[in-house]
Amino acid sequence: MREFDVLALGELNADLILNKIDGEPEIGKEKFAEDMILTLGSSTAIFAANIASLGARTAFVGMIGRDSFGQLVKSSLQVKGVDTSLLIETNKAATGATIVLNYNEDRAMVTYQGTMDMMSFADINKDVFNRTKHVHISSIFLQSGIKKDLIEILSFAQKCGVTTSLDTQWDPVEKWDFDYQHILPLVSVFIPNEKELLLLTASENLEEAIEKIKPYINTCVIKRGSKGSLLIQKDAKNDMPAFLNTEVVDAIGAGDSFNAGFISQFIQGKSFIECQRFGNLTGAINTTAAGGTGAFTSKENIIQIAKEKFNQNIKI
Ligand SMILES: Nc1ncnc2c1ncn2[C@@H]1O[C@H](COP(=O)(O)OP(=O)(O)OP(=O)(O)O)[C@@H](O)[C@H]1O
Ligand SMILES: [Mg+2]
């Protein structure tokens, strides 16, 4: 019997979001923002918080600085029911932060990576791979230490009988260096979005990208925003439309919420179609409230949104 259902392995940072800004930033000038939110950021943290809210026993392995942003990140995960006993605290750098300048539909962001770029396989206590059923990794292009050791981490997980999922997320330097031929056979569920998949495989269209990855994947599910998702396996394909939300509050973290929904069912041994349906639903639920975790405050709230907004009865 393993102690955790899911181990989220990856980056942690604070998001400082400035809203209602009086114009665009200009060098040498000062502007006012009318509203500010300081909150838990990072794709892997949103995944961890939301899959914990869906009932999975979740732990986080990540590196934070010994500073107030580190404490903010830690306590925010704890509030969501995520086990933080495996977090690594260091003096080597500050906890990373993203400053988000929010302008309605669009955002300008600047990230200081800090500790998120420093953790590598050597920092991680290997025992944790025997204490969890599943490991989820995201945002590899923000974490050079994890990216460099990715094949080693995935191989080690496989040896320990742990299933894995990977969402690469965007590459800020846009090099898209990704050895999919060697990485994907080690990943149980690969979960990119459509645009990222094209760039990761240097493909011009989705058909070409799918043909390239097919020999190497176990299961791949491609996220397609309001078009839903596409499940690909060596001998199967399932295109599933979204639970369309016509009153989107924002789509921040929809992809991470999809991952949380899909993996919450995968670890219970549900069929891949059921996992995909649940992923589409939790992606849609994400869009009904502000930020990446706003809709996932409690099981009761999630059940209520599924029923009232999308006419779905779910058991969690
Ligand atoms: N407007 C919407 N209505 C309903 N469902 C949506 C909507 N937008 C997204 N979704 C659901 O959420 C899933 C994930 O969204 P998306 O494809 O935007 O992921 P992503 O690009 O990885 O997002 P992120 O920016 O969080 O990384 C989609 O596959 C879909 O099922
Ligand atoms: Mg994404």
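So if I place +1 on the C-beta of Lys and Arg and -1 on the C-beta of Asp and Glu, and nothing else carries charge, what would the dipole magnitude of the stretch 245-316 be about its Cα centre? I want it in debye, nearest 20. Let's see the in-between values first.
Working: 6 positive and 6 negative charges, 56 e Å.
In debye, rounded to 20, the stretch 245-316 gives about 260.
About its Cα centre, how strong a charge dipole does the chain have in debye, to the nearest 20, once Lys and Arg get +1 and Asp and Glu get -1 at the Cβ?
1140 debye
For the stretch 137-261, what is the accessible area per residue in Å² when the probe is 1.4 Å?
Result: 44 Å² of accessible area for each residue.
Roughly what % antiparallel, to the nearest 5, for the DSSP beta bridges in the chain?
Bridges in the chain are about 45 percent antiparallel.
Across the stretch 147-155, in residue order, what do the Karplus-derived ³J(HN,Hα) couplings come to in whole Hz, using 6.51 cos²θ - 1.76 cosθ + 1.60 with θ = phi - 60° and x for Gly and Pro?
The phi angles translate into 4, 4, 9, 4, 5, 5, 5, 5, 5 Hz.
Could you give the size of the charge dipole of the stretch 63-115 about its Cα centre, using +1 on the Cβ of each K and R and -1 on the Cβ of each D and E, expressed in debye and rounded to the nearest 20?
The calculated dipole for the stretch 63-115 is roughly 160 debye.
Of 190, 228, 129, which is farthest towards the positive pole of the chain's charge dipole, taken about the Cα centre with +1 and -1 on the beta-carbons of Lys, Arg and Asp, Glu respectively?
Selected residue: 129.
Looking at the stretch 181-276, what % of the alpha carbon pairs are farther apart than 19 Å? Spell out each step's value before the answer.
On the way: 1835 of 4560 pairs.
Here the tail beyond 19 Å accounts for 40 percent of pairs.
Along the charge dipole of the stretch 239-316, pointing to its positive end and built from +1/-1 on Cβ of Lys, Arg, Asp and Glu, which listed residue (310, 264, 248) has its Cα farthest out?
After comparing all options, I get 264.
Using the Karplus equation 6.51 cos²θ - 1.76 cosθ + 1.60 (θ = phi - 60°), what ³J(HN,Hα) coupling, rounded to whole Hz, does each residue of the stretch 236-241 give in order, writing x for Gly and Pro?
So the Karplus estimates, Gly and Pro as x, are 8, 8, 9, 8, 10, x Hz.
Restricting things to alpha carbons, tell me how big the stretch 107-146 is in terms of Rg and Dmax, in Å.
Gyration radius and largest Cα-Cα distance of the stretch 107-146: 13.0, 41 Å.
Do me a favour and compute the ellipsoid semi-axes for the stretch 106-179 from its Cα gyration tensor, root of five times each eigenvalue, largest one first, whole Å. If you can, show how the numbers build up before the last one.
Numbers: eigenvalues 124, 35, 27 Å².
Semi-axes from the Cα gyration tensor: 25, 13, 12 Å.
Provide, for q = 0.13, 0.19 Å⁻¹, the log10 of I(q)/I(0) from a solvent-free Debye sum over equal Cα point scatterers in the stretch 158-226.
-0.35, -0.73
Using a 1.4 angstrom probe on heavy atoms only, work out the carbon and sulfur share of the accessible area of the chain in %.
Ligands and nucleic acids excluded, carbon and sulfur reach 51 percent.
Over the chain, consider all pairs of different Cα atoms and compute the Kirkwood hydrodynamic radius from their mean reciprocal separation; express it in Å, one decimal.
One decimal place: 19.8 Å for the Kirkwood radius.
Keeping all protein chains in the complex and leaving out DNA, RNA and ligands, what accessible area do you get for residue 5 with a 1.4 Å probe, in Å² to the nearest 10?
20 Å²
How much of the calculated P(r) for the stretch 56-177 lies past 19 Å, in percent of all Cα pairs?
54 percent
log₁₀ I(q)/I(0) of the stretch 61-130 at q = 0.13 Å⁻¹, via Debye over equal Cα point scatterers, no solvent, to two decimals?
After summing over all Cα pairs, the log10 values are -0.46.
Label 7 Å along Cα→Cβ of residue 20; the stretch 90-115 residues with amide nitrogen under 18 Å?
Those under the cut-off are 100-106.
Give the Kirkwood hydrodynamic radius (Å, one decimal) of the stretch 15-75, defined as one over the mean of 1/r across all pairs of different Cα atoms. Walk me through the numbers before you get to the answer.
Details: mean 1/r = 0.0705 Å⁻¹.
After inverting the mean inverse Cα-Cα distance, the result is 14.2 Å.
The values are calculated or read from the model by the stated rules, or taken from the named source; none is laboratory data. None of the values given here were measured: they were computed from a predicted structure. Note: ideal-geometry Cβ built from the backbone for every residue, glycine included; neighbour counts use all protein chains shown. For accessibility, only protein heavy atoms count, side chains too; no ligands or nucleic acids. Shrake-Rupley method; radii C 1.70, N 1.55, O 1.52, S 1.80 Å.
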